[in-house]
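Accompanying notes for the structure given below.
The values are calculated or read from the model by the stated rules, or taken from the named source; none is laboratory data. Just so we're clear, the structure is a prediction, and the values are computed from it rather than from any experiment. So basically every Cβ, Gly included, is an ideal-geometry build from the backbone, and we count neighbours across all protein chains shown.
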Amino acid sequence: MRGIIHSISQWAEHKSSWLVLFATSLALEIAALYFQYGMGLKPCIMCIYQRTAMYGIVLSALIVVTKNNGFTRMLGFAGWAVSAGWGFLIAKEHVGILNAANPFFASCEIVPNFPSWLQLHEWLPAVFAAEGDCLEDSWQFLSMGMAEWMQIIFAAYFAVFAIVFACRLLDKKPF
């Protein structure tokens, strides 16, 4: 058991591990843009928030891929955890909106509520403008919609973070 913990702990020090995190999260962002522009599925406000959380994972991994040391891994772990956790909560809320007993009372904002110093929907409207309806759930795969899949994806990202970080702590190597 100690060997497995040590192996997983060491895995976090390899640039290739962070490259996998970067590549998978970037691939999901590219897929989101394909859904938007290739398939004509307009993202709603909740989708945009989830997209922002996924970009948080992309940037967190990119920091470590660019410069791999204890400090950047600390930033990478923090960004990964916050982004995956926030993404999961937003996806869960979106699933709640979609499954509401009365859809007339389940609604979401029209304009993204980004901080005044980070108006992504104004700077990059092609990526962060919310043009869709939160109740739109026409895309399905294996009987689940986009919000449900994103909930699973963010949960998986957070679970992997928790395992790797726990192994780092057990191996007495926090970062």
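Give Val64, Val95 a once-over and let me know the one that is touching a strand residue (DSSP E or B) at 6+ places or on another chain (Cβ under 9 Å), buried (at least 16 other Cβ atoms within 10 Å of the Cβ) and outside any loop (DSSP other than H, G, I, E, B). Write out each step before concluding.
On the way: Val64 fails: touching a strand residue (DSSP E or B) at 6+ places or on another chain (Cβ under 9 Å).
Testing whether each residue is touching a strand residue (DSSP E or B) at 6+ places or on another chain (Cβ under 9 Å), buried (at least 16 other Cβ atoms within 10 Å of the Cβ) and outside any loop (DSSP other than H, G, I, E, B) leaves just Val95.
Residue count for region 111-148 under the criterion of being part of a helix (DSSP H, G or I), closer than 13 Å to Leu41 by Cβ and of a type in the set (Phe, Trp, Tyr): the result is 0.
Restricting the search to region 24-49, which residues are surrounded by fewer than 13 Cβ atoms within 10 Å (Cβ to Cβ) and without any contact (Cβ under 8 Å) to a residue 60 or more places away in the chain?
Start the filter on region 24-49 by keeping residues that are surrounded by fewer than 13 Cβ atoms within 10 Å (Cβ to Cβ), which leaves 27, 30-31, 34, 37-40.
Passing the criteria: Ala27, Ile30, Ala31, Tyr34, Tyr37, Gly38, Gly40.
Look at region 120-148: where a residue is among the charged types (D, E, K, R) and modelled with pLDDT of 75 or more and a partner is outside any strand (DSSP E or B) and surrounded by 13 or more Cβ atoms within 10 Å (Cβ to Cβ), sitting 6+ places away or on another chain with Cβ atoms under 6 Å, you get Glu131/Lys42; Asp133/Cys44; Asp137/Leu98; Glu148/Val95.
Determine if region 147-160 includes at least one residue that is of a type in the set (Gly, Ala, Ser) and surrounded by 18 or more Cβ atoms within 10 Å (Cβ to Cβ). Break it down into steps so the answer makes sense when it comes.
Step one: of region 147-160, the residues of a type in the set (Gly, Ala, Ser) are 147, 155-156, 159.
With surrounded by 18 or more Cβ atoms within 10 Å (Cβ to Cβ) added as a condition, the list becomes 147.
Yes: one or more hits.
Taking the stated definitions as given, is Lys172 under 27 Å from Arg2 (Cα atoms) and modelled with pLDDT under 95? First the steps, then the outcome.
On the way: under 27 Å from Arg2 (Cα atoms): yes; modelled with pLDDT under 95: yes.
When the stated conditions are applied, Lys172 passes them.
On inspection, Val58 qualifies as within 16 Å of Gly87 (Cα to Cα), in contact (Cβ under 8 Å) with a residue 24 or more places away in the chain, surrounded by 13 or more Cβ atoms within 10 Å (Cβ to Cβ) and not basic (Lys, Arg).
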